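Student: I am attaching a structure below and will ask some questions about it afterwards.
Nothing in this text is a laboratory measurement; each read-out follows from the coordinates by a stated rule. Everything quoted here is computed from the prediction, not taken from an experiment. Methodologically, a virtual Cβ is constructed for each residue, glycine included, from the backbone with ideal geometry; neighbour enumeration extends over all protein chains shown.
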Amino acid sequence: ACGGGGDDSGDGGSGNGLVIGFAQVGAESAWRTANSDSVKAAAEAAGHTLKFVDGQQEQETQISAVRDFITQQVDAIVLAPVVETGWTDVLQEAEDAGIPVILADRGVEAADEDLYVTRLGSDFAEEGRKAGAWAAETFAADADGTKILELQGTTGSAPANDRKAGFFEVLDSEGLNYEIVDSQSGNFTAEEGKAVMETFITTHGLDGIDLLYAHNDEMGLGAIQAIEEAGKVPGKDIQIIIVDGSKAGFEAGVAGKLNYIVECNPVFGDQLMEVVESVVNGDEVEKFTPVEEGVFDATQFEAELPNRQF
Ligand code: AHR
């Protein structure tokens, strides 16, 4: 693995004044915008130059960005990979060029673990387990089986894969009697979340559906619109879990339109700059640093809303 390779860039090894390339996923959610803002502000505050590329949720765009960063011989590359697979070649190219790659937010498949230095971001499986623990408890007494709709994130992305796996892992280990009525990707956007929910409603109706598990706020908020347009009451006729915890998500919670929020924290720019500096300085770093995240039920929405940063 590339371990940083010391400092030969003439910036004195203090970690200041680095040139950092950041290949971001896109701008698909409030979470993502807050994350981009956090990283940009932290780089500026630390005196680094950030070359920022919006990948528009396209892996090809991100791969080109990484190749450009290699050509420009940046000091470090930060990559938030839109999906988990397909990174081997470009990560190898960065390693061959001696440029360390730090993953932010999302991860890559285990086979590529040696081709990046470290990942800073959420434990998505744990987020899924938190959602699953609430569902298992909430529907424990549901004798005829809990009927579940799932709005998955971007197909093949780490948060979609892991939020799904963690959620059903806990439902199974807790022995909940449940049925997945339907599960489709809404690509982490409000528009697609709403469209997929409309299809769910057309295909299955909403009568007897107990729970919607949406892998992020945007898809959950889009689905809420679809449910309301179908003449049903979100949060009551169908219970809803979302992941992220944006202001808009909490506002929907305060309005009684959803029932549980699993936090995913995008505001880790300062922590990311520290990790990048350590890596460039050749310090030992953990392979994975999780960011701290909580959970919120209906009794907590109102009090928590003013604390939300995005
Ligand atoms: O990778 C983190 C996820 O990406 C967030 O949950 C989602 O809102 C974003 O698009």
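Student: Around GLN152, with a cut-off of 10 angstrom between Cβ atoms, what is the net charge of the other residues, counting Lys and Arg +1 and Asp and Glu -1?
Tutor: Local net charge: +1.
Student: Over the chain, what is the relative contact order in whole percent, taking alpha-carbon pairs under 8 Å and six or more residues apart?
Tutor: Reported relative contact order: 20 percent.
Student: Report the Cα centroid-to-centroid distance between segment 164-199 and segment 38-54 in angstrom, as an integer.
Tutor: Value for the Cα centre distance between the two parts: 35 Å.
Student: Further question: Name the lysines eligible as straight-distance cross-link partners of LYS51: C-alpha to C-alpha under 19 Å, and not fewer than 8 places from it in the same chain.
Tutor: Within the straight-line cut-off, LYS51 pairs with LYS40.
Student: Given the options VAL276, VAL233, VAL243, which has the most mean-square fluctuation in a GNM of the chain, springs set between C-alpha atoms less than 10 angstrom apart?
Tutor: Evaluated over the chain, the most mobile residue of the options is VAL233.
Student: Around SER185, which amide H atoms from residues at least 5 apart in sequence, or from another chain, sit under 5 Å from its own amide H, with H modelled in the peptide plane?
Tutor: GLN152
Student: Residue by residue through segment 282-292, what is 3J(HN,Hα) from phi via Karplus (6.51 cos²θ - 1.76 cosθ + 1.60, θ = phi - 60°)? Round to whole Hz and write x for glycine and proline.
Tutor: x, 6, 5, 10, 5, 5, 9, 10, x, 8, 7
Student: For the chain, what does -39500 (n - 2.57) per DSSP helix run (n ≥ 4), summed and divided by total residues, give at 222 nm, in deg cm²/dmol to the nearest 500?
Tutor: One gets -12000 deg cm²/dmol as the mean residue ellipticity at 222 nm.
Student: In whole Hz, with x marking every Gly and Pro, tabulate ³J(HN,Hα) for segment 80-94 from phi via Karplus 6.51 cos²θ - 1.76 cosθ + 1.60, θ = phi - 60°.
Tutor: 10, x, 4, 10, 7, 9, x, 9, 3, 4, 6, 5, 5, 4, 5
Student: Another one. Step through the residues of segment 205-216 one at a time and calculate ³J(HN,Hα) from phi using the Karplus curve (6.51 cos²θ - 1.76 cosθ + 1.60, θ = phi - 60°), rounding each to whole Hz and writing x for Gly and Pro.
Tutor: Those phi angles translate into x, 10, 5, x, 7, 8, 9, 10, 10, 9, 5, 8 Hz.
Student: Another question about this same structure. Only four residue types carry charge here, +1 at the Cβ of Lys and Arg and -1 at the Cβ of Asp and Glu. Report the dipole size of the chain about the Cα centre in Debye, rounded to the nearest 20.
Tutor: Rounded to the nearest 20 debye, it is 680 debye.
Student: Okay, next question. Test of the criteria: in segment 135-201, which GluC sites (Glu not before Pro) are in a DSSP loop and have at most 15 other Cβ atoms within 10 angstrom of their Cβ?
Tutor: Sites meeting the loop and neighbour criteria: GLU174.
Student: Run the count for segment 164-258, please: Lys pairs, Cα-Cα under 15 angstrom, 8 or more apart or on different chains.
Tutor: Lysine pairs, 8 or more places apart or on different chains, close enough: 5.
Student: Follow-up question, since we're still on this one. What fraction of the DSSP beta bridges in the chain is antiparallel, stated in percent and rounded to the nearest 5?
Tutor: Beta bridges within the chain, antiparallel portion: roughly 5 percent.
Student: Further question: Over the chain, with a Gaussian network built from C-alpha contacts below 10 Å, which listed residue (GLU263, GLU58, GLU84) shows the highest mean-square fluctuation?
Tutor: Greatest mean-square fluctuation among the candidates belongs to GLU58.
Student: Pick from GLY193, GLY156, GLY205: which is most flexible by mean-square fluctuation in a GNM of the chain where alpha carbon atoms under 10 Å apart are linked?
Tutor: Highest fluctuation among the options: GLY205.
Student: Add +1 for every Lys or Arg and -1 for every Asp or Glu among the other residues with Cβ under 11 Å from the Cβ of VAL117, and state the total.
Tutor: Net charge around VAL117: -4.
Student: Amide H neighbours of LYS51 under 5 Å, at least 5 residues apart or on other chains, H built in the peptide plane: list them.
Tutor: The list, which skips near neighbours in sequence, is ILE20, GLY21, PHE22.
Student: Sorting PHE310, PHE200 on the 10 Å Cβ count, fewest up front, what's the list?
Tutor: Ascending Cβ contact count within 10 Å gives the list PHE310, PHE200.
Student: Okay, next question. Scan the chain and report its longest stretch carrying no trypsin sites (Lys or Arg not before Pro) that are both in a DSSP loop and have at most 14 other Cβ atoms within 10 Å.
Tutor: 1-235
Student: For the chain, take N as its residue count and report Rg(C-alpha) divided by 2.2 N^0.38 Å.
Tutor: Rounded to two decimals, the normalised Rg is 1.05.
Student: Further, regarding this structure: Arranged by the count of other C-beta atoms within 10 angstrom, fewest first, what order do ILE238, ILE70 take?
Tutor: In order of increasing Cβ crowding within 10 Å: ILE70, ILE238.
Student: Here's something else I'd like to know. So for ILE77, ILE201, fewest C-beta neighbours within 10 Å to most, what's the order?
Tutor: Fewest to most other Cβ atoms nearby, the residues stand as ILE201, ILE77.
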